[in-house]
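Structure, as structure tokens:
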């Protein structure tokens, strides 16, 4: 077996935990969802933004209430309203195009129908109904797993050999994680990042704890699907996403990316599936 040229002692990828704890899923679901709208703005919306920008020039950031939710102007984006831990609403000039980026904290503590209903109430107050279009522009699906193998235990030759992926672009390092596909720019495509979730916020640690977490290293597998991929899969309206997620997750974890254990066979796609990846395959995100 190929290995790293240094002592494969337990690293931040939790090699010790792999042997001490069974591989299991703590949490799976949507980490981020972006909805896009085309509509004519309500006259009060432009007045609201103008007032907020005027205050921002004086280094003041007052809050406003929209559909019962408190927002303030984004410090680095003059056309964005932020509700911490819930969402960011980006408002662009005419022809008006708005995107609503929902945060993980809110998504994991509310049902999907509740979330979509809240977004629509906010959009209805900012724009003149009916809006011209509503579509899902981006979805990040994730699975948080304990018992993931240490990078030092994976067969390695410039990159971990056990991964089989349809992604053209790959960036893999033991300490920064494994990254497949392109996440940013005009050429963004389906992508996946596998990394240690060591920056978890209190609300996320609370959910993990409720599901039996006791401080083990947690590794996150996160797939990002951009608008082009979603459209190709006929996922446009928000209501079309929940029913598509099981088949979508199966395609991503069975075909687009897999992790195998090394064996003498010259074809890696015939290597036995790694137990940790089988666990990821079964972690269909909860909506």
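The values are calculated or read from the model by the stated rules, or taken from the named source; none is laboratory data. For clarity, every value in this text was computed on a predicted model and none was experimentally measured. Virtual Cβ from ideal backbone geometry, glycine too; neighbours counted across all protein chains shown.
Scanning segment 88-109 for residues that are in contact with a helix residue (DSSP H, G or I) (Cβ under 8 Å, 6 or more places away or on another chain) and within 28 Å of residue 203 (Cα to Cα) yields 89, 100, 102, 104, 105, 106, 107, 108, 109.
Here's the yes/no breakdown for (1) modelled with pLDDT of 80 or more; (2) closer than 24 Å to residue 224 by Cβ:
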position	(1), (2)
3	no, no
20	no, no
34	yes, yes
54	no, no
62	no, no
65	yes, no
69	yes, no
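Going by what's in this entry, would residue 198 be described as in the same structural domain as residue 24 (by TED's automatic domain parsing), part of a loop (DSSP other than H, G, I, E, B) and closer than 20 Å to residue 26 by Cβ? Yes, satisfied.
Summed over segment 197-232, residues that are more than 20 Å from residue 110 (Cβ to Cβ) and either surrounded by fewer than 14 Cβ atoms within 10 Å (Cβ to Cβ) or free of Cβ contacts under 8 Å to residues at least 60 places away in the same chain (or both) total 10.
For segment 36-52, the candidate set comprises residues that are in a strand (DSSP E or B) and touching a helix residue (DSSP H, G or I) at 6+ places or on another chain (Cβ under 8 Å); within that set, the residue that is modelled with the highest pLDDT is 36. What do you reckon, is residue 233 on the phi < 0 side of the Ramachandran plot and at pLDDT 95 or above? For residue 233, the condition - on the phi < 0 side of the Ramachandran plot and at pLDDT 95 or above - is not met.
Condition check ((1) over 20 Å from the mean Cα position of the chain (by Cα); (2) at pLDDT 90 or above; (3) assigned to a loop (DSSP other than H, G, I, E, B)) across all residues:
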| residue | (1), (2), (3) |
| --- | --- |
| 113 | no, yes, no |
| 116 | no, yes, no |
| 120 | yes, yes, no |
| 124 | yes, no, no |
| 129 | yes, no, yes |
| 139 | no, yes, no |
| 144 | no, yes, no |
| 152 | yes, no, no |
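As a summary of the residue check, residue 235 satisfies the conditions (1) part of a loop (DSSP other than H, G, I, E, B); (2) touching a residue at least 40 places away in the same chain (Cβ under 8 Å); (3) over 27 Å from residue 110 (Cβ atoms) except for the one numbered (3).
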